[in-house]
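Taking it in order: structure first as structure tokens, then the write-up.
Since every read-out is calculated from the coordinates, none of them should be taken as a lab result. Because the structure is predicted, anything quoted here is derived from the model rather than measured. As a convention, Cβ positions derive from the backbone with ideal geometry for all residues, glycine included, and neighbour counts pool all protein chains shown.
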Amino acid sequence: MSRKAEVGTVLPPADATLTGFAAMPKHDEARILEVYKGVTEAVLQATGKDYVRSTKAVLAIIGTPDLVPPNFKEMLDSPMVVGGMGAMFGDVDGMVVKHFVGSTWGAANRGGGVYFFTAPEHIDAYLSSADWDAMSKDTPWSGVTYAKYVLG
């Protein structure tokens, strides 16, 4: 049984583009999220899933990290965080990868995760899990939004 997420606001569906690890140009009319390579690759390696063939649903959770100092990228680049993320997300049922992302254009200091799953029901299961409940409450952030996408 699925329950409503207790943190944040669910957004209506919209078109989205996730780009790779290349340096991104600045654009006047878009919000661009950079994928943080080290922690993202640690999760993909831990799940062991085929990235392209396995992904059937996407969950984007974005918020403003309330860190002091406010440097989400620096935190995610630390060897301790990179080393722990594979273990943290590698066993999540149906997860292919969690892309750790941060804003490079648009609203400043926005970050979070773009999660790829093998089926839409795995998104609801993840958002209903004790792991997500604890993580969402323990993460210092505000203005959290959710968006779910099903790939057809």
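Here are a few things to note about the model shown:
- Asp133 paired with Gln45, simple spin-label distance in nm, labels 7 Å along Cα-to-beta-carbon: 3.3
- Relative contact order computed over region 32-150 (Cα-Cα under 8 Å; 6+ residues apart), in percent: 42
- Overall dimensions of region 32-150, expressed as equivalent-ellipsoid semi-axes from the Cα gyration tensor (√(5λ), whole Å, largest first), are 21, 16, 14.
- Relative exposure of Ser54, Ser128, Ser142, judged by other C-beta atoms within 10 Å (fewest first): Ser142, Ser128, Ser54
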